[in-house]
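Quick note: the coordinates plus some simple rules give every number you see, no bench work behind them. Predicted model, so just to flag it, every value in this text is computed and none were measured. Counting neighbours? That spans all protein chains shown, and the Cβs are built from the backbone with ideal geometry, glycine included.
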Amino acid sequence: MRGLRLLPGNIEFSFIPYRKIFFVISVLLVFSAIGLYIKNGLNYGIDFKGGILIEIKTIDGPANIKAMRSNLSNLGVGEIGLQEFGAPDEVLIRIQAQEGGEKAQQLAIGEVKKALGGDIEYRRTEFVGPKISDELFWNGVYAVSAAILAILVYIWFRFEWQFGIGAILALVHDVISTIGVFALFRLEFNLSTVAAILTIAGYSINDTVVVFDRVRENLRRYKSLPLSDLLNKSINETLARTIMTSVTTLLALTSLYVLGGEVISGFSFAMIWGVLVGTYSSICLAVPLLLYLKIERHSTSGASKSEEAAAE
């Protein structure tokens, strides 16, 4: 395994000289995402729009979700989602809110029960109203905002405030671009998507911290090296690790997207995009931004004076 590499360890790609091109690409991506959100909005799922929840248990063995989805798809009650809920014989059915008040909701529930037939135990039937769904939406917004704030504080204490600003700008870039992709392709935006965005935040910041750690080490070691060369050197020294991590993660996520079925397709797609854009932003956005944030080149700890002299 020691020899398993996607890139050689001594590569010298030029990232920093092309930073302005990367910045233009990122600005276009962010503004395009905002424009798509304003124009198209998001295709909110039942979690955020409200609807009917029915929890069932099949009597004669594991549930055949594919057959159930086929039976319910032509009822004319709008969007219907099914997913395994705990054991293989337990299923959670989500139906979009019906127009016409409580009577319309009861009619939709009756149609679903008729289509499913017998040998079904109905454990729970409830209606998620607009107020609850609105609370879920804002709770999701608060969760993402709190995560970004916590990451800023963490980077600030571990490194310096300049590193924190660079990391957060890259992270906001990743989150906004992910929302833009969902607006572009009209993919369902639900609580699973919020979970994916939070996971993307963690993945992206992990990549960024690895490169930042190498930048900090090199700042102590190469005191006379121009900052642009030092940043480029730091990116190249960690690039093989970054690419290997991203590729192996993408292999797993692609398998989930292709084989995981409809239930987790939105989550898997968001994660695939998040890994790609997170890798890009860590290398091409977060580190080049340090050139403009005036990081201090003093030695706080780490390499000894003799090591620093030898490195220079």
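Give me Rg over Rh for region 104-248, both radii from the alpha carbons and Rh done the Kirkwood way, two decimal places. Could the numbers behind the result be given before it?
Working: Rg = 23.0 Å, Rh = 19.1 Å.
Expressed as Rg/Rh, it is 1.20.
Return the ratio Rg/(2.2 N^0.38 Å) for region 51-128, where Rg is computed over Cα atoms only. Write out the running numbers ahead of the final one.
Numbers: Rg = 11.7 Å, N = 78, 2.2 N^0.38 = 11.5 Å.
That ratio works out to 1.02.
Magnitude of the Cβ-charge dipole of region 51-128, K/R +1 and D/E -1, about the Cα centre, nearest 20 debye? Each step should come with its number before you reach the end.
Details: 9 positive and 12 negative charges, 26 e Å.
Around 120 debye, computed over region 51-128.
In whole Å, what is the distance between the alpha-carbon centres of region 33-83 and region 148-177?
If we compute the Cα centre of each part, the gap is 35 Å.
What does the net charge come to around residue 90 if you take all other residues with beta carbon closer than 15 Å to its beta carbon, with K and R at +1 and D and E at -1? Can you show the working numbers first?
Values: positive: 57, 94, 123, 124; negative: 55, 60, 84, 89, 119, 121.
Every neighbour counted, the sum reads -2.
For the chain, with equal point scatterers placed on the C-alpha atoms only and solvent neglected, what are the log10 I(q)/I(0) values from the Debye formula at q = 0.06, 0.10, 0.11, 0.13 1/Å, to two decimals?
Debye curve over Cα of the chain, log10 I(q)/I(0) at q = 0.06, 0.10, 0.11, 0.13 Å⁻¹: -0.29, -0.69, -0.78, -0.97.
Over 5 Å intervals from 0, what percent of Cα-Cα pairs in region 2-110 sits in each interval?
Result, from short to long distances: 2, 9, 12, 12, 10, 8, 7, 7, 8, 9, 8, 4, 2, 0 percent.
Give the angle, between 0 and 90 degrees and rounded to the nearest 10, that separates the Cα long axis of helix 161-185 from the longest principal axis of the Cα atoms of the chain.
Once rounded, the angle reads 40 degrees.
How far is helix 130-158 tilted off the main Cα axis of the chain, in degrees rounded to 10, range 0 to 90?
The angle comes out at about 20 degrees.
Give me Rg/Rg_expected for region 143-183, where Rg uses Cα atoms only and Rg_expected = 2.2 N^0.38 Å with N residues. Walk me through the numbers on the way to the answer.
Numbers: Rg = 11.2 Å, N = 41, 2.2 N^0.38 = 9.0 Å.
Output field value: 1.24.
In debye to the nearest 20, how big a dipole does the chain give about its Cα centre with +1 on each Lys and Arg Cβ and -1 on each Asp and Glu Cβ? Provide the component values of the computation, followed by the final result.
On the way: 28 positive and 29 negative charges, 183 e Å.
Rounded to the nearest 20 debye, it is 880 debye.
Compute the distance in nm between two label points, each set 7 Å from the Cα along the Cα-to-Cβ direction, one at residue 70 and one at residue 103.
3.6 nm
In whole Å, largest first, what are the principal axis extents of the Cα atoms in region 99-188?
Over region 99-188, Cα extents along the principal axes are 63, 28, 28 Å.
Multiplying the sequence separation of residue 125 and residue 228 by 0.36 nm and subtracting their Cα-Cα distance, what value in nm do you get?
Numbers: separation 103, 0.36 × 103 = 37.08 nm, distance 6.10 nm.
Gain on extension, residue 125 to residue 228, equals 31.0 nm.
Could you list 292, 203 so that the one with the fewest beta carbons within 10 Å of its beta carbon is first and the one with the most is last?
Details: 292 12, 203 20.
The most exposed by this proxy come first: 292, 203.
Using only helices, what value at 222 nm comes out for the chain when you add -39,500 (n - 2.57) per DSSP H run of length 4 or more and divide by the total residues, to the nearest 500 deg cm²/dmol?
Mean residue ellipticity at 222 nm (helix-derived): -21000 deg cm²/dmol.
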